[in-house]
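Okay, so here's the structure we're looking at.
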Amino acid sequence: MAAYVISEVEFRDPALVAQYRAIAQDTIERYGGRYLVRGGAAELVEGSGELRTMIIVEFPSMEAARQWYRSPEYAEALKVRRDALERRLIFVEGVPG
């Protein structure tokens, strides 16, 4: 069953964001992930709060998403991420079939 990694981000340093994105994109592909949403136009329709940039990545399974996040390759991206952007990161399973 597919799993989704949902990021709500606020960019801090554009140069570091580009560096983070290059590393992260490579590791996502390596672990079978693919971008579904990458910062496109968004509209808050219900609820309240500040709308942030949304990124959604699909992985073949929750285990694949966890392996990606805990991988030594992605650990390199995390070192850059701390100064590049602030985020809220959520892992969620998709529906069967």
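Coordinate-derived values only; no laboratory data. Everything quoted here is computed from the prediction, not taken from an experiment. Reconstructed Cβ throughout: ideal geometry from the backbone, glycine too, with neighbour counts over all protein chains shown.
Estimate the FRET efficiency between ASP13 and GLN67 by the formula 1/(1 + (r/R0)^6), using the beta-carbon distance for r and 25 Å for R0, to the nearest 0.05.
Numbers: r = 28 Å, r/R0 = 1.12.
Approximately 0.35, to the nearest 0.05.
Give, in nm to one decimal, the length gained when the segment between ILE6 and VAL95 is fully stretched (0.36 nm per residue of separation minus the Cα-Cα distance).
Numbers: separation 89, 0.36 × 89 = 32.04 nm, distance 1.55 nm.
Stretched fully, the ILE6-VAL95 segment lengthens by 30.5 nm.
What shape does the chain have by the C-alpha gyration tensor, where a ≥ b ≥ c are the square roots of the eigenvalues, rounded means a/c under 1.5, and otherwise prolate means a/b greater than b/c and oblate the rest?
Numbers: a/c = 2.02, a/b = 1.04, b/c = 1.95.
The shape class here is oblate.
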Self-check item: In segment 9-74, the GluC sites (Glu not before Pro) that fall in loop regions by DSSP, at most 14 other Cβ within 10 Å
Solution: GLU43, GLU46, GLU50
Quiz item: Can you give me the Cα centroid spacing of segment 34-97 and segment 2-20 in angstrom?
Solution: 8
Self-check item: Cα→Cβ-extended label distance, 7 Å offset, between LYS79 and LEU36, nm
Solution: 3.2
